[in-house]
Amino acid sequence: MKGKVYLVGAGPGDPDLITVKGLECIRKADVIVYDRLVNPALLEERKAKCKLIYVGKSPKGHAKSQEEINEILYQEAKAGNYVVRLKGGDPYVFGRGGEEGEYLYNRNIPFEVVPGITSAIAGLAYAGIPITHRGIARSFHVITGHLKDENEEVDWKTLTALEGTMVFLMGVSNLKKITENLMAHGKDPNTPVAIINWATTPRQKTIEGSLANIYEKALKENIKSPSLIVIGHVVNLRVSLDFYSQKPLLGRNIVITTGISQRRDIINKLRALGANAISLPTIEIKEIKPNYELDKTIENIHKYTYIVFTSINGVNVFFKRFFELGHDVRKLANIKFAAIGSSTAEAINKYGLRVDFVPREYVGESLVDELKAVISKDDSILIPRAKKARPFIVEELSKICRVEEIKTYETIKSREDNQYIIDTLKELDYPYILFSSPSTFINFKEIAGKDADDILKKSKIISIGPITTKTIEAEGYTIYKQAKKYNFDGIIEILLEER
Ligand code: SAH
């Protein structure tokens, strides 16, 4: 069986700017070979057993040579794998994608290209610069600023004569040379210039000037690679078209430690607000299986007057089994539902069921206090929940009526290999790190191992509520802030206060 290589453009940085086809390739891949400009968030979409091979520059400055990369692609495909070669932007825009394709062609390995959105166009757009504009730029030119060899001739005269927008990639280290040569060959020193660093990412930074002064400005602002140099009058349109820099959480590094099943919603919300949301799943939900006690309870569900859910996972695991056993919601017609908080209530709503009771504060204490006021000794309560849950709720409610607790799942430490995320966290300056339960914190410490203390000490620790706070403080760390509403929306609220 022969494998195949997909040369996939990852887009310019924002993980949502990958193509539908590109994402599909990532989800199917057995092996992903990726480099520095690929947003690591895209790797979250890989399947559980996918092998990751990083070929970009390491912190020590070493990168794999093109020959080595070609050979890795060849060997992995020869071994029968579905290989994705993931590259920043579009694979054929200064990406050396063509060389990789040729290498595979010569060795009889089938291969396909999935084009990507190039930074040369999209990076400008995110800085409020349209690459063409009626009456201002009728063409555009994408040029390498990588002037390897002093003698390698750039035809400055022809370049200068072009009237369209000029975009230099890989050009910051040669900025002085580029601007000087263009002016020396007759380009107006007042021509507007912008430089966009880390375009379409939360680190995006843009500086503006003219051909005559942009070099000084770039030095002052310490602009480095990766950057796009844009030369032309379209730069002036930024005044009205710059939407991205308005995002409220732009530039904030926010680490989410929730399990895989729950992370999507909060990550999407944070990214839409401009944050760099990094997911490090610390927990996994493991259904208790087989669970005869649960099966029997579901069979006799009409005996209960209330079902109390204390987590989204509790809801989902219960209903999964309920439907698997062939029932439908009519069987629950005479039962009332209580949820510990609004997110848990929403999870119940998704099954087409309304929730009868949610306490004002989303903790066990409030649930018990307020529920006690509405139940009587004739009630019968079912609580399907995690294996190691606090006994408090069951103990308290039992004082009033019959309460039955069924353990339906356990929360275990994530088994994913996420060392590459830990490595990213070590590099970040003052990230926010969100903990949504005591186990996310405890597992984070285990997963990050010897790096945990360093990461936590330089992070702003955000806790979802008092129970989680207690665990974190008992471990000797200081909480930066605790959500006022004990759910993810509550966390987003306090992050937005930070502006
Ligand atoms: N294939 C890529 C370009 C690879 S060459 C594409 O189509 O976008 C690498 C150069 O691209 C960098 O030196 C920089 O000039 C530019 N670049 C890529 N991503 C960028 C980003 N997010 N912000 C600014 N420049 C970027």
*How big is the accessible area of Phe140 in square angstrom, nearest 10, if you roll a 1.4 angstrom probe over the protein chains?*
90 Å²
*What per residue convex hull volume, in Å³, comes out for the chain when only alpha-carbon positions are used?*
181 Å³
*If you take the square roots of the eigenvalues of the alpha-carbon gyration tensor of the range 4-116 and sort them as a ≥ b ≥ c, do you get rounded (a/c under 1.5), prolate (a/b over b/c) or oblate?*
rounded
*asked:* Between Val329 and Glu446, how high is the FRET efficiency from 1/(1 + (r/R0)^6) when r is the Cβ-Cβ distance and R₀ = 35 Å? Nearest 0.05.
replied: 0.30
*At a probe radius of 1.4 Å, what is the per-residue accessible area of Glu475, in Å² to the nearest 10?*
80 Å²
*Of Glu100, Glu112, which has the most accessible area and how do the rest follow, probe 1.4 Å?*
Glu112, Glu100
*Subtract the Cα-Cα distance of Lys148 and Ser366 from 0.36 nm times their separation in residues, and report this length gain in nm to one decimal.*
71.7 nm
*Between His133 and Ile260, with labels modelled 7 Å along Cα→Cβ, what's the label distance in nm to one decimal, could you check?*
4.6 nm
*Per the helix-only calculation at 222 nm, which mean residue ellipticity applies to the chain, given -39500 (n - 2.57) for every DSSP H run of n ≥ 4 and division by its residues, nearest 500 deg cm²/dmol?*
-9500 deg cm²/dmol
*Going toward the positive end of the dipole of the chain, with +1 on Lys and Arg Cβ and -1 on Asp and Glu Cβ, which of Ala10, Thr282, Leu211 do you reach last?*
Thr282
*Where does each of 74-81, 11-18 land if you order them by average Cβ count within 10 Å, highest first?*
11-18, 74-81
*Could you size up the charge dipole of the chain around its Cα centre, putting +1 on the beta carbon of Lys and Arg and -1 on that of Asp and Glu, and report it in debye to the nearest 20?*
720 debye
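Hey, if we sort Arg321, Arg354, Arg415 by accessible area with the 1.4 Å probe, largest down, what's the order?
Working: Arg321 60, Arg354 205, Arg415 165 Å².
I get Arg354, Arg415, Arg321, largest accessible area first.
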*Please tell me which of these pairs span more than 27 angstrom C-alpha to C-alpha: Lys388/Lys445; Lys289/Lys388; Lys21/Lys286; Lys64/Lys187; Lys57/Lys205?*
Lys21/Lys286; Lys64/Lys187
*For the chain, with +1 on Lys and Arg beta carbons and -1 on Asp and Glu, the positive-most of Leu228, Phe243, Ala272 along the dipole*: Ala272
*asked:* Under the 0.36 nm per residue contour assumption, what length would be gained going from the current alpha-carbon distance of Lys269 and Glu163 to full extension?
replied: 34.0 nm
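What length, rounded to one decimal in nm, is gained on full extension from Lys28 through to Ile400, with 0.36 nm per residue of separation minus their alpha-carbon distance? Write out the running numbers ahead of the final one.
On the way: separation 372, 0.36 × 372 = 133.92 nm, distance 5.28 nm.
Gain on extension, Lys28 to Ile400, equals 128.6 nm.
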*Could you grab the relative contact order for the chain? Cα pairs under 8 Å, six or more apart, rounded to a whole percent.*
11 percent
*To the nearest 10 square angstrom, how much accessible area does Ile131 have with a 1.4 angstrom probe?*
20 Å²
_Separation of the Lys458 and Asn349 label points, Cα + 7 Å toward Cβ, nm_ = 4.1 nm
*Taking the simple approach of a point 7 Å from Cα along Cα-to-Cβ for both Ile422 and Ile467, what is their distance in nm?*
2.8 nm
*asked:* Students sometimes get this wrong: rank Val20, Val172, Val329 by accessible area, probe 1.4 Å, all chains present, largest first.
replied: Val20, Val329, Val172
*If you place +1 on the Cβ of every Lys and Arg and -1 on the Cβ of every Asp and Glu, how big does the dipole about the Cα centre of the range 121-245 come out, in debye to the nearest 20?*
380 debye
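So what is the accessible area of the range 121-245 per residue, in Å², with the probe set to 1.4 Å?
In whole numbers, the range 121-245 has 52 Å² accessible per residue.
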*Nearest-20 debye value, the range 286-412 charge dipole, Cβ charges on Lys, Arg, Asp, Glu*: 240 debye
_Sulfur and carbon atoms: percent of accessible area, the chain [1.4 Å]_ = 50 percent
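The values are calculated or read from the model by the stated rules, or taken from the named source; none is laboratory data. Please read all numbers here as calculations on a predicted model, not as lab measurements. Neighbour counts are summed over all protein chains in view; Cβ atoms, including those assigned to glycine, are modelled from backbone coordinates with ideal geometry. These area figures cover heavy atoms from the full protein model, side chains too; ligands, DNA and RNA do not enter into them. Shrake-Rupley method; radii C 1.70, N 1.55, O 1.52, S 1.80 Å.
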